[in-house]
1. Please give me, ordered by residue number, the chymotrypsin sites (Phe, Trp or Tyr not before Pro) of the stretch 1-40 that lie in loop per DSSP and have at most 15 other Cβ atoms within 10 Å.
2. Go ahead and set up a Gaussian network model of the chain, Cα springs under 10 Å, then flag whichever of Asp59, Asp46, Asp14 fluctuates most.
3. Of (1) 1.66; (2) 1.12; (3) 1.72, which is the value of Cα Rg over 2.2 N^0.38 Å derived from the coordinates here?
4. Using θ = phi - 60° and the Karplus curve 6.51 cos²θ - 1.76 cosθ + 1.60, what whole-Hz ³J(HN,Hα) does each residue of the stretch 61-69 get, with Gly and Pro shown as x?
5. Calculate the FRET efficiency for Leu68 and Ile5 from the Cβ-Cβ distance with a Förster distance of 30 Å, rounded to the nearest 0.05.
Amino acid sequence: MMLGIEWHQFVCNDEMRRITKQPNFTAIIQSQGLFIFGHVARMDDDADAKMVLTVPPPDNWKRPPGRLHITWLNAF
């Protein structure tokens, strides 16, 4: 007898995570983001990837409508 979830069952996300013992998807994304951020933070100051994180956008630049006002530097 096979235990678990069959393809024809309708299961909500919380129940799926409980059954499969998987962490919350947001937690996975945040941990991977911090992992990559750590690599970039240790790079030389003149590395392109680090400059993308540390150089502010031009004064005339605006976010598209509906976007959050959050950046990598204040997200974590």
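Each reported figure results from applying straightforward, stated rules to the coordinates on display, with no laboratory input. Treat the numbers as computed from the prediction; the structure is a model and nothing was measured. Glycine also receives a Cβ, built like all others from the backbone with ideal geometry; neighbour counts cover every protein chain displayed.
1. Numbers: sites: Trp7, Phe10, Phe25, Phe35, Phe37; in loops: Trp7, Phe10.
In loop regions of the stretch 1-40 (DSSP not H, G, I, E or B), the sparsely surrounded chymotrypsin sites (Phe, Trp or Tyr not before Pro) are Trp7, Phe10.
2. It is Asp59.
3. (3)
4. Working through the residues one at a time gives 7, 10, 6, x, x, x, 7, 6, 8 Hz.
5. Working: r = 33 Å, r/R0 = 1.11.
Computed FRET efficiency for Leu68 and Ile5: 0.35.
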